[in-house]
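Below you'll find the structure, written out as structure tokens, and then a few comments.
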Amino acid sequence: MRLSFTRIRLPLLLLFLTCLSVQVSFSQSLSTGLVFFLPITGNANDIGPNGLHGISTGQLVPDRLGVSNSAYYFNGSGPIIQMPFSSLIQIPLPLTISFYANFQVLGNTAFANCANPSLYYGVWMGTGVDGKVHLDFGDGGTTSSGFRKSKNSTLSAGAGAWHHYVGVIRSATDMDIYIDCVNAGGVYSGSGGAMTYSAQPARMGYSSVASMPSGFIPMTGYLDEIGFWRRALSPSEVLQLCNNPVILAAEPCVLSGAWEGEDVELQWAGNTNGECRGYEVLRSENGIDFDQIAFIPSAQGGEYQFLDPTPDGQTLYYQLHTIDYNGESIGSNVVTLKAPETQSTQATAFPIPFHDHLTLKLDDKAPVLVSIWNQSGFLVHQGYTNAEGQVLELPDLASGIYFLVVGEGEIPQMIKIVKQ
């Protein structure tokens, strides 16, 4: 593919690179061992590394923060969330479960990674009729205490309100249950054997296994932000998860733009470290005071384009704000565009990603300074070019993400490139 140019002040480039590095390192802990995470943003798609998308025709409703189409409601007779059958989900201990739920009726199961009617397989988590949380795994037997290992919390959560639930299982006698970031204590029960799986997929949002002799009966209540890990999260990681539900923190996007006749076309790539709720498009005439001109909902990755049909001014400034699941925003670089009659050199680079050779095309054959910077803000290559279609030989460049800066002065152009 080809990536179009971006205009950015060089000091902002270094600041952007530094912020990018910090953001990625912040999210590494909770990303480690992640099996799937369903943020519920208009669907049950997984934003984790495995692409384990769920399917549900449940009713999409506002979540606990009031964001529309960001939680599922189950009315006790409709559909549930079904995950694909995968060995990535049927994992051994240790493991961790996390979800937000608003149980309208207590005594329901919110999570099961191998749901079977009237049989105990895999791991499951939900509440009893007393509001206490149960965390269980089964050995494949019928629904009696002799075929499961369980922990039931001491603390309870009532019906009719949102709560955050986390279950951590290290072994049959080493489990932790958290309600709203607090370790809920509990007692162990059951005499079942080792955890066993069957050829059933994971299902979310149904009533008790013991009450399903004829099939899957949905819970009555709401579900949101369902996560599953193939390791035991530490108490500090559980606290981090509670305080910051965006377990895959969104990265700043690289924004580019160009005049298309009398309009301005903006382009950016979908978030790569973890999806987001959407993108605010901002515009300014002085580079200081920005107004929002559009909101683009997240489409789970891919390339985005936005056409501004009403640009007014000789010089315009654009910025993108990536809106995280918790409502926080992360700003992109600022793109500066002069009116077409004063437009300076434009550049494109391809292929992206590249191996040893990168082709750079310019619309101006005057000598132009070309420099390449790594993500830490260090210069790794520099030289002049004035030939349209010139090939840059970069065999010694290590694999990774870099930023190609074309031009000098206050407003150079920048292209994000990837070396394989």
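The values are calculated or read from the model by the stated rules, or taken from the named source; none is laboratory data. Source: prediction; values computed, not measured. Cβ: placed from backbone, ideal geometry, glycine included. Neighbour counts: every protein chain shown.
Output yes when any residue across region 131-140 is in contact (Cβ under 8 Å) with a residue 60 or more places away in the chain and not small (Gly, Ala, Ser), and no when none is.
No, the conditions are met nowhere in region 131-140.
So for region 332-344 (the condition being in a loop (DSSP other than H, G, I, E, B), more than 30 Å from Asp291 (Cβ to Cβ), modelled with pLDDT of 75 or more and not acidic (Asp, Glu)), does at least one residue qualify? Break it down into steps so the answer makes sense when it comes.
Initial filter on region 332-344 (in a loop (DSSP other than H, G, I, E, B)): 332-334, 339, 343-344.
Retained after the next criterion (residues that are more than 30 Å from Asp291 (Cβ to Cβ)): none.
The answer is no, given that none of the residues of region 332-344 is in a loop (DSSP other than H, G, I, E, B), more than 30 Å from Asp291 (Cβ to Cβ), modelled with pLDDT of 75 or more and not acidic (Asp, Glu).
Answer yes or no as to whether Val105 is under 21 Å from Gly167 (Cβ atoms), without any contact (Cβ under 8 Å) to a residue 24 or more places away in the chain and either in contact with a Phe, Trp or Tyr (Cβ under 8 Å, 6 or more places away or on another chain) or not in a helix (DSSP H, G or I) (or both). Outline the logic, then answer.
Details: under 21 Å from Gly167 (Cβ atoms): yes; without any contact (Cβ under 8 Å) to a residue 24 or more places away in the chain: no; either in contact with a Phe, Trp or Tyr (Cβ under 8 Å, 6 or more places away or on another chain) or not in a helix (DSSP H, G or I) (or both): yes.
The answer is no for Val105.
Please verify whether region 365-382 includes one or more residues that are among the aliphatic types (A, V, I, L, M), modelled with pLDDT of 85 or more and in a loop (DSSP other than H, G, I, E, B).
no
Taking region 47-97 as the region of interest, how many residues are at positive phi, of a type in the set (Gly, Ala, Ser) and in contact with a strand residue (DSSP E or B) (Cβ under 6 Å, 6 or more places away or on another chain)?
Step one: of region 47-97, the residues at positive phi are 51, 66, 69, 76.
In the following step, the residues that additionally are of a type in the set (Gly, Ala, Ser) were identified as 51, 66, 76.
Next, from what is left, pick out any that are in contact with a strand residue (DSSP E or B) (Cβ under 6 Å, 6 or more places away or on another chain): 76.
Of the residues in region 47-97, 1 are at positive phi, of a type in the set (Gly, Ala, Ser) and in contact with a strand residue (DSSP E or B) (Cβ under 6 Å, 6 or more places away or on another chain).
Kindly indicate whether any position in region 91-100 is at pLDDT below 90 and of a type in the set (A, V, I, L, M).
Pass one, region 91-100, residues at pLDDT below 90: none.
No, region 91-100 contains no residue that is at pLDDT below 90 and of a type in the set (A, V, I, L, M).
Every residue in region 60-73 that is modelled with pLDDT of 90 or more and either surrounded by 15 or more Cβ atoms within 10 Å (Cβ to Cβ) or not in a loop (DSSP other than H, G, I, E, B) (or both), please. Even if it seems obvious, please write down each step before you answer.
The initial filter retains those residues of region 60-73 that are modelled with pLDDT of 90 or more, namely 60-62, 71-73.
Listed by number, the residues that qualify are Leu60, Val61, Ala71, Tyr72, Tyr73.
When residues of region 297-326 are filtered for being modelled with pLDDT of 85 or more and either under 25 Å from Gln240 (Cβ atoms) or surrounded by fewer than 16 Cβ atoms within 10 Å (Cβ to Cβ) (or both), how many remain? Walk me through it before giving the result.
As a first pass, look at region 297-326 and keep what is modelled with pLDDT of 85 or more: 304-308, 316-321.
Checking the rest, the ones that are also either under 25 Å from Gln240 (Cβ atoms) or surrounded by fewer than 16 Cβ atoms within 10 Å (Cβ to Cβ) (or both) come to 305, 307, 321.
So the answer is 3.
What are the residues in region 126-138 that are closer than 15 Å to Tyr188 by Cβ and under 29 Å from the mean Cα position of the chain (by Cα), if any?
Correct list: Val133, His134, Leu135, Asp136, Phe137.
With the condition being touching a strand residue (DSSP E or B) at 6+ places or on another chain (Cβ under 7 Å), of a type in the set (D, E, K, R) and under 21 Å from Ser98 (Cβ atoms), I'd like the strands (runs of 3 or more DSSP E) fully within region 132-214 carrying at least 1 qualifying residues.
Working: elements: 132-138, 148-156, 163-171, 174-179, 187-189, 203-207.
In region 132-214, 132-138, 148-156, 174-179, 203-207 are the strands (runs of 3 or more DSSP E) which contain 1 or more residues that are touching a strand residue (DSSP E or B) at 6+ places or on another chain (Cβ under 7 Å), of a type in the set (D, E, K, R) and under 21 Å from Ser98 (Cβ atoms).
Exactly one condition in (1) surrounded by 15 or more Cβ atoms within 10 Å (Cβ to Cβ); (2) at pLDDT 85 or above is not met by Leu17; state its number.
Single failed check for Leu17: (2).
Residue-wise test of (1) at pLDDT below 85; (2) under 30 Å from Val335 (Cα atoms); (3) not in a strand (DSSP E or B).
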| site | (1), (2), (3) |
| --- | --- |
| Leu12 | yes, yes, yes |
| Ser27 | yes, yes, yes |
| Pro49 | yes, no, yes |
| Ser87 | no, no, yes |
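Of the residues that make up region 254-273, is at least one surrounded by 21 or more Cβ atoms within 10 Å (Cβ to Cβ) and at pLDDT below 80?
Let us first name the residues in region 254-273 that are surrounded by 21 or more Cβ atoms within 10 Å (Cβ to Cβ), namely 254-257, 266, 268, 271.
Still in the list and also at pLDDT below 80: 271.
Yes, the conditions are met somewhere in region 254-273.
Check Asn183 against each of (1) touching a helix residue (DSSP H, G or I) at 6+ places or on another chain (Cβ under 8 Å); (2) surrounded by 14 or more Cβ atoms within 10 Å (Cβ to Cβ); (3) farther than 30 Å from Ser236 by Cβ; (4) not hydrophobic (A, V, I, L, M, F, W, C) and name the one condition it does not meet.
Going through (1) touching a helix residue (DSSP H, G or I) at 6+ places or on another chain (Cβ under 8 Å); (2) surrounded by 14 or more Cβ atoms within 10 Å (Cβ to Cβ); (3) farther than 30 Å from Ser236 by Cβ; (4) not hydrophobic (A, V, I, L, M, F, W, C) one by one, Asn183 breaks only (3).
Does Gly54 satisfy the criteria of being closer than 13 Å to Arg203 by Cβ and touching an Asp or Glu at 6+ places or on another chain (Cβ under 9 Å)?
Numbers: closer than 13 Å to Arg203 by Cβ: yes; touching an Asp or Glu at 6+ places or on another chain (Cβ under 9 Å): yes.
Against the criterion (closer than 13 Å to Arg203 by Cβ and touching an Asp or Glu at 6+ places or on another chain (Cβ under 9 Å)), Gly54 qualifies.
Among the numbered criteria (1) modelled with pLDDT under 95; (2) among the β-branched types (Val, Ile, Thr); (3) surrounded by fewer than 18 Cβ atoms within 10 Å (Cβ to Cβ), which one does Thr143 miss?
(3)
With the requirement that a residue be more than 27 Å from Gln59 (Cβ to Cβ) and surrounded by 24 or more Cβ atoms within 10 Å (Cβ to Cβ), what does region 96-122 give you?
Thr96, Tyr120, Tyr121
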